[in-house]
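Computed from the coordinates by the stated procedures, all read-outs in this text should not be read as laboratory data. This structure is a prediction, so every number in the text was calculated from the model and none was measured. Glycine gets a Cβ as well: all are built from the backbone with ideal geometry, and neighbour counts include every protein chain shown.
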Amino acid sequence: MARDGFCLDLEPPTGEAAVVGRDALDALIAVLRADGYEVIGPVRRDGVIALAPVTTLGDLPTGWGDEQQPGHYRLVGRDDDALFGYAVGPHSWKAELFPPRADLYEVRRSGSGGFEVQASPPDDRPRAFLGVRACEVAALAVQDRVFLEGATRDPVYARRRAQAVVIAVDCGDPSSSCFCASMGTGPRVTGGFDLALTELATGDALVVRVGSDRGAALLARIPHRTPTRDELDASREVSRSAEQLLRRRLDTTGLRELLVAEVEHAEWDAVAERCLACGNCTSVCPTCFCSSVEEVTDLAGERAVRRRSWASCFSQQFSYLNGGTARAGIGARYRQWLSHKLSTWFDQYGTSGCVGCGRCITWCPVGIDLTREVVALRTRPSSATAVGMSLAEEL
Amino acid sequence: MRYRVRAHFRETHDVVTVVLDPAEEPVPVPRPGQFCMLWLPGVGESAISLSGRSHPDEPLVHTVRAVGPVTAALCALGVGDEVGVRGPFGRDFGLDDPDLDGADLAIVAGGLGLAPLRPVLYRVLDERDRFGEVTLLVGARAPEELLYPDELERWSRSGAVAVFQTVDRAWPNWPHEVGVVTQLVPLLRGRVDRTWAFVCGPELMMRYAARSLVGRGIRPERVLVSLERNMQCGFGLCGHCQLGPFFVCHDGPVLEWSRVESLMAVRER
Ligand SMILES: Cc1cc2nc3c(=O)[nH]c(=O)nc-3n(C[C@H](O)[C@H](O)[C@H](O)COP(=O)(O)OP(=O)(O)OC[C@H]3O[C@@H](n4cnc5c(N)ncnc54)[C@H](O)[C@@H]3O)c2cc1C
Ligand code: SF4
Ligand code: SF4
């Protein structure tokens, strides 16, 4: 639930709560797979918690945690065998609904100067998402606004989203990059899920909350029992203590207006000195939605595929116009990104574009931290604008 | 949708106008100020404004400057070649708006910016009685860069439109003005309190033109500028064309100066 109206309000859960054991969670994966779902969940891979297909509960990174700082990520062993004892990693569910690369059309030359167009076959396997965090449920709601309720409905997203089963999990051990509480999105999942899990500190019990009819039907097919009052209290306590651990803050008061007012702030030049324009922040962000389309041709030039790929507003080509780039300087690109996330996103979609997941902070190779950039924009004096030239002088 | 080239005309050394007939179900008729995405399979796609008549009985006409791979290939099309067309996209100049009845019009074009404004002129000439004074200010870098010189002469001679032309660099016998197009603004006919302005050209030129039009007393919400940004999708999803809160492809390309002035005052926005 958006506690301060900066992020979207989510549909509150409908159903009751239950308690399941780990074997029941394993059974849930099996049930989903039997129904034809590809279950995607957290796995330990290449030194990070990645999101990948899982077939049993054994695929999950049991007993692993993470350590995150601006520009820093490391997996660490935990002293318990928690299933979900880490915060979000570099992957997000965005990749499942808005694929990093998708073929749109295939074209073949026919005769002299003519061609035939065929839509590329869509990859529409139904997917179940296991372990969706509160900030990520919020990110899904933001992406729904973008891809389903924006200027144009994206058919790929629409098909995949309608099928996606969301099994959320409450965070018990947020990272130092997380600031979901400031954004009103976490750490507790409050809506937008089919089932939501809380891993209790003791034993192998998980409290399950039901968020939809689909979730209720799934729960009915796995062993579960009614929770005790203590178990429900313990579940809420997990979120309370997680909230205590959230150190990072973003003050959202007047933030939308701040970014409109501070377009000429000296901080944009200061951040440009450090930013590499690598675009890591946009690719790890669960809500960034920009894309480019390129034409991929075979060697003979007889066949071409139109391919949509993720794009980043940090790249030079992103705002390319004949005769140059609209945002040539890195400061202007960082300003575009941050202003979009925290300000113009509201004009376009009625919500913040940032949900406070902290990924862009952790995965920035030079540790640029948007919460500190906002502090800088609030505190340092604004620079003055130079005007008063004529067109003939500027030419 | 597939279209076939009916004819093509060379306008300047790097600008070509193509006339397209539908090879299958046609796209809806673009309105003046709207654009289509023209696609050459294997090469790519570009946003190109309507430059011909906006009418269901007319072919689709686009004027293209060769600046890169796609536009160069569009300029090199031969009669009978096929082009993919998506669209039309974007917000048009809104000529149907009854507020324009009886208005004086200031049409200001810089360089290729005359192409998207030509459909406006066609429309205005078809409904000439609806409007008061109509002035067209046209600027180009050099006389040989001016688009549609014959039509400019025709419109001027007919007396229906007051046409003023200027170039940055002239040859000796150039009969018109020399200098930037904003210097022509004082020549506007009509009354500023009932003037609507349509402006298209390079961004820098539009900024100065809009400022001088407003400086003369035209209301900023009646100064319509046609913006250009990198575009990949045309329908507000790819993100490339953003300018502050606007998706230029969807909220624009035609926007009121009153809504974009502060955005365009900031460099690299
Ligand atoms: C609303 C609108 C209307 C336009 N109308 C016309 C017109 O009537 N006639 C005309 O000749 N040109 C017009 N343009 C510009 C035209 O779209 C670009 O010149 C063209 O995309 C360049 O592509 P290219 O592959 O030839 O060149 P490159 O410069 O190599 O372009 C590479 C890519 O960059 C992007 N790009 C480059 N320049 C522009 C640009 N100016 N605007 C948008 N995207 C760009 C495109 O995505 C293109 O695929 C218009 C642009 C917009 C946004
Ligand atoms: S801007 Fe950064 S913290 Fe906000 S949602 Fe995107 S990645 Fe997460
Ligand atoms: S802010 Fe960091 S992650 Fe984003 S482009 Fe700059 S250097 Fe890369």
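5 Å is the cut-off here: which amide hydrogens, built 1.01 Å from N in the peptide plane, fall below it relative to A:Ala128, excluding neighbours closer than 5 in sequence?
Those lying under 5 Å, H to H, from A:Ala128 are A:Glu38, A:Val39, A:Ile40, A:Val165.
Translational diffusion coefficient of chain A at 25 °C, 0.890 mPa s, Stokes-Einstein with Kirkwood Rh over Cα pairs, in µm²/s as a whole number. Intermediate values should be presented prior to the final figure.
Details: Rh = 22.7 Å.
This corresponds to a translational diffusion coefficient of 108 µm²/s.
For a bin width of 5 Å, list the pair-distance distribution of the stretch A:31-166 built from all Cα-Cα distances, rounded to whole %.
Distribution as computed: 2, 9, 16, 17, 16, 13, 10, 7, 4, 3, 2, 1, 0, 0 percent.
Which value, in Å to one decimal place, does the Kirkwood hydrodynamic radius take for the stretch A:209-290 when every pair of different Cα atoms is included?
Every distinct Cα pair counted, the radius reaches 18.5 Å.
Rounded, prolate or oblate: which one fits the stretch A:130-223, using the alpha carbon gyration tensor with axes a ≥ b ≥ c (rounded when a/c is under 1.5, else prolate when a/b beats b/c, else oblate)?
Working: a/c = 2.91, a/b = 1.28, b/c = 2.28.
Oblate, because a/c is 1.5 or more while a/b does not exceed b/c.
May I ask you to order A:262-272, B:38-48 by the average number of other C-beta atoms within 10 Å around their residues, highest value first?
The most tightly packed comes first, giving B:38-48, A:262-272.
Let me know the shape class of the stretch B:125-268, please: from the alpha-carbon gyration tensor, a ≥ b ≥ c as square roots of the eigenvalues, rounded when a/c is under 1.5, otherwise prolate if a/b is greater than b/c, or oblate.
Numbers: a/c = 1.78, a/b = 1.49, b/c = 1.19.
In terms of gyration-tensor shape, prolate.
Once phi is turned into ³J(HN,Hα) by the Karplus curve 6.51 cos²θ - 1.76 cosθ + 1.60 with θ = phi - 60°, what whole-Hz value does each residue of the stretch B:3-17 show in order, with x for glycine and proline?
Per residue, the Karplus-derived 3J(HN,Hα) values read 10, 10, 6, 8, 7, 8, 10, 7, 8, 9, 4, 10, 10, 10, 9 Hz.
Regarding the stretch A:326-381, what are the three Cα extents along the principal axes, ordered largest first, in Å?
The Cα atoms of the stretch A:326-381 stretch 31, 29, 24 Å along their principal axes.
Non-local amide H neighbours of A:Leu8 (under 5 Å, H modeled in plane, Pro and chain starts lacking H): which ones?
Distant-sequence amide H within range of A:Leu8: A:Ser352.
Could you work out which residue, out of B:Pro172, B:Pro149, B:Pro202, moves most in a Gaussian network model of chain B, that is, has the largest mean-square fluctuation with Cα springs under 10 Å?
B:Pro172
What is the distance in Å between the Cα centroid of the stretch A:325-355 and that of the stretch B:139-184?
When both Cα centres are located, 41 Å separates them.
Within 10 Å of each Cβ of B:242-249, how many other protein chain Cβ atoms are there on average?
What the average comes to for B:242-249 is 5.
With θ set to phi - 60° and the Karplus curve 6.51 cos²θ - 1.76 cosθ + 1.60, what are the ³J(HN,Hα) couplings of the stretch B:183-199 in order, to the nearest whole Hz, using x for Gly and Pro?
5, 7, 3, x, 7, 3, 8, x, 10, 4, 6, 10, 9, 10, 10, 10, 10
What trypsin sites (Lys or Arg not before Pro) in the stretch B:60-152 are in a loop by DSSP, with at most 15 other Cβ atoms within 10 Å of the Cβ?
On the way: sites: B:Arg65, B:Arg86, B:Arg91, B:Arg123, B:Arg128, B:Arg130, B:Arg141; in loops: B:Arg141.
When the trypsin sites (Lys or Arg not before Pro) of the stretch B:60-152 are filtered for loop state and at most 15 Cβ neighbours within 10 Å, B:Arg141 remain.
Can you give the mean number of other chain Cβ atoms that lie within 10 Å of the Cβ atoms in peptide A:288-294?
Working: counts 1, 3, 6, 6, 6, 8, 3.
Mean shielding by partner chains, rounded to a whole number: 5.
With +1 on each Lys and Arg Cβ and -1 on each Asp and Glu Cβ, and nothing else charged, work out how big the dipole of the protein assembly as shown is about its Cα centre, in Debye to the nearest 20.
Working: 73 positive and 87 negative charges, 105 e Å.
My answer is approximately 500 debye.
How large is ³J(HN,Hα) for each residue in the stretch B:115-130, as worked out from phi by the Karplus curve 6.51 cos²θ - 1.76 cosθ + 1.60 (θ = phi - 60°), to whole Hz, x for Gly and Pro?
Along the stretch B:115-130, the couplings run 4, x, 8, 4, x, 5, 5, 4, 5, 4, 5, 5, 10, 3, 5, 5 Hz.
So who's got an amide H within less than 5 Å of the one on B:Gln34, skipping anything under 5 residues away but keeping other chains? H placed 1.01 Å off N, in plane.
Close amide H contacts, sequence-distant or interchain: B:Leu50, B:Phe93.
Output needed for the stretch B:133-209: three equivalent-ellipsoid semi-axes, defined as square roots of 5 times the C-alpha gyration tensor eigenvalues, in descending order, whole Å.
Taking √(5λ) for each Cα gyration eigenvalue gives 20, 17, 11 Å.
Quick check on packing: order A:183-193, A:72-82, B:98-108 by the mean number of other C-beta atoms within 10 Å, highest mean leading. Walk me through the intermediate numbers first.
Numbers: A:183-193: 25.6, A:72-82: 13.2, B:98-108: 18.8.
Answer by packing, highest mean first, reads A:183-193, B:98-108, A:72-82.
Could you give the semi-axes, largest first, of the ellipsoid that matches the protein assembly as shown, computed as the square roots of 5 times the alpha carbon gyration tensor eigenvalues and rounded to whole Å?
Equivalent ellipsoid semi-axes, largest first: 53, 28, 21 Å.
Please find, in a Gaussian network model of chain A (springs between Cα atoms separated by less than 10 Å), the residue of A:Thr344, A:Thr56, A:Thr198 whose mean-square fluctuation is greatest.
Of the options given, A:Thr56 has the highest mean-square fluctuation.
With a 10 Å cut-off between alpha carbons and a GNM built on chain A, which of A:Gly21, A:Gly350, A:Gly301 moves the most?
Result for chain A, Cα springs under 10 Å: A:Gly301 fluctuates most.
Work through the residues other than A:Arg247 whose Cβ is under 15 Å from its Cβ and net out their charges, Lys, Arg +1 and Asp, Glu -1.
-2
Pick out, from A:Gly192, A:Phe314, A:Leu130, the residue whose Cα sits farthest towards the positive end of the charge dipole of chain A, with +1 on the Cβ of Lys and Arg and -1 on the Cβ of Asp and Glu.
Positive-end residue among those listed: A:Phe314.
Return the calculated 222 nm mean residue ellipticity for the protein assembly as shown, to the nearest 500 deg cm²/dmol, obtained by summing -39500 (n - 2.57) across DSSP H runs with n ≥ 4 and dividing by the residue count.
Computed ellipticity for the protein assembly as shown at 222 nm equals -7500 deg cm²/dmol.
So if the hydrodynamic radius of the stretch B:116-176 is defined as the Kirkwood radius over C-alpha pairs, what does Stokes-Einstein give as its diffusion coefficient at 4 °C and 1.567 mPa s, in µm² per second?
104 µm²/s
Hey, got the dipole for the stretch A:169-249? About the Cα centre, +1 on K and R Cβ, -1 on D and E Cβ, debye to the nearest 20?
My answer is approximately 260 debye.
Based on the Kirkwood radius over alpha-carbon pairs, what value in µm²/s does the Stokes-Einstein equation return for the translational diffusion coefficient of chain B at 37 °C and 0.692 mPa s?
Stokes-Einstein gives a translational diffusion coefficient of 175 µm²/s.
Summarise the partner chain shielding of A:304-311 as one whole number: the mean count of Cβ atoms from other chains within 10 Å of each residue's Cβ.
3
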